1. Using the Cα atoms of the stretch 9-67 to build a convex hull, what is its mean projected area in square nanometres?
2. Summing +1 for each Lys or Arg and -1 for each Asp or Glu, what net charge is found among the other residues whose Cβ lies under 13 Å from the Cβ of Gly102?
3. For the ranges 156-162, 219-225, 54-60, what's the packing order if you count other beta-carbon atoms within 10 Å of each residue, average per peptide, and put the highest first?
4. What are the equivalent ellipsoid semi-axes of the stretch 236-401, built from the alpha-carbon gyration tensor (square roots of five times its eigenvalues), in whole angstrom, biggest first?
5. Need one number for the stretch 71-148: average projected area of the convex hull over its C-alpha atoms, nm².
6. What is the packing order of peptides 133-141, 4-12, 257-265, 188-196, taking the mean over residues of other C-beta atoms within 10 Å and listing the highest first?
7. Between Glu296 and Thr34, what FRET efficiency follows from the Cβ-Cβ distance if R0 is 35 Å, with the result rounded to 0.05?
8. What is the mean projected area of the alpha carbon convex hull for the chain, to one decimal in square nanometres?
Amino acid sequence: MDFDLSESHLALQQRVRSFAQHEISPYAASWDETGTFPTDVIRKIGELGIFGLPFPVKYGGQGKDFLSVVLAVEELARADVSVAVTTAVAIALAGMPIDRFGTEEQKEQWLVPLASGTCVGAFGLTEPEAGSDAANCLTTARLDGDSWVINGQKIFTSSAGNDLSAFVILTATTGIRPDGHKEISNFIVPRGAPGYRFSAPFKKMGWRASDTRLLTFHDCRVPASHLLGERGAGFRQFMATLDHGRITVAAISVGVAQAALDLSLAYAKKRVTFGQPIAHHQAIQFKLADMATEIELARLMTYKAAVLRDRGQPFAHVASMAKLFASETAVRAADAGVQIHGGYGYLDEYPISRIFRDARVLTIAEGTSEIQRTVIARRLLSDAGHPAESTSVGKQSADRAS
Ligand SMILES: Cc1cc2nc3c(=O)[nH]c(=O)nc-3n(C[C@H](O)[C@H](O)[C@H](O)COP(=O)(O)OP(=O)(O)OC[C@H]3O[C@@H](n4cnc5c(N)ncnc54)[C@H](O)[C@@H]3O)c2cc1C
């Protein structure tokens, strides 16, 4: 077991940290205040090769491992969560399924521009009536000649409607399987496809500089070649996609929690009460110590999930554990950070208040904490020889967890 990052990982971490400090941190508060999607910075991140990190060089990527993605996303999140989310979605939710399941033609058409950093993509799984229970997909796709005709809605889709958005990968029901369950397939739908519309961005509590919308498909027609991989493989594909996505949300959470600790530590050294900096009060020291300890644990779990994935070992349950623990750590760290800042932590002009709002959704997006616990419990029970179907941990809900 080696806890040290390699020279090349450290160099990447340093490069992204320096970029984030100069190009992101000074502007994050104003993007948040105005709800501005930072197109130019996202474009620069693409130019730095970050979207292409885990993809093969022949498709415009950098040929690096997933730990590199984690390190980059963590550093971006430390500066601004919205930028980190946009980057993570482009890599893990849009690029990864095309790399893993796409045809040569699809990789040329969609992965190459994304990995080269000229566009971003989106992943539309959640529907108004299907969030945690994502397999209850009401969106349909019907084969008509050599086109698929898609009808339905996707909600909360990140990165589908900004100036750099090129496509959304969506799940749709394409029939009923012999076992009575829905047959789910995934499709790549380009921006501008006839019958595809998106709403104005949602106004949100946090992640305000990220692009989150309702997508509507009304007799939306795409060529048959836009089916991702095989018909009926959509369920397996989205579960595999979420496994990667959860590692990136864990990395974002570590970055957010670290930002809360950085701010709190600096503030505690400056703020004086009863004749001494509050950092000298044991109650404040304990809060800082708990934050640092949990962040260290969350970081180790997140890196472990990425390393298991890079070694080709099973990593889904560790990704769920990392996502669960890191996201809850971020929420706790942001809360403790506000407490350490006292009344000033409640003012918009103090960045800890933005971090508090940004942290909150981390326990919801890409599978809620409840769903992560369900996935983990199911694994425990099956390891112990008690399949989840025979217990209160339902197989379907665990399977379907988005
Ligand atoms: C800012 C933002 C960005 C997002 N980006 C994307 C995106 O890019 N693509 C995408 O597809 N989705 C995206 N989502 C959607 C997100 O993944 C869902 O919101 C999440 O999976 C929960 O689904 P839901 O909101 O429908 O909640 P529900 O499924 O309705 O859950 C409501 C509550 O019930 C609990 N619950 C549900 N079922 C169970 C169960 N079986 N056992 C115990 N508790 C249960 C949940 O944990 C939750 O607390 C985004 C959401 C947000 C807020």
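1. Across all orientations, the stretch 9-67 yields a mean hull projection of 4.5 nm².
2. Numbers: positive: Arg100, Lys107; negative: Asp99, Glu104, Glu105, Glu108, Glu230.
Net of charged neighbours comes to -3.
3. 156-162, 54-60, 219-225
4. 36, 14, 14
5. On the way: hull surface 28.8 nm².
With every direction weighted equally, the projected area is 7.2 nm².
6. 257-265, 133-141, 188-196, 4-12
7. 0.50
8. Result: 20.5 nm².
Read-outs throughout are calculated quantities, based only on the coordinates presented, and are distinct from any laboratory measurement. No experiment lies behind these values; they were computed from the predicted model shown. Glycine gets a Cβ as well: all are built from the backbone with ideal geometry, and neighbour counts include every protein chain shown.
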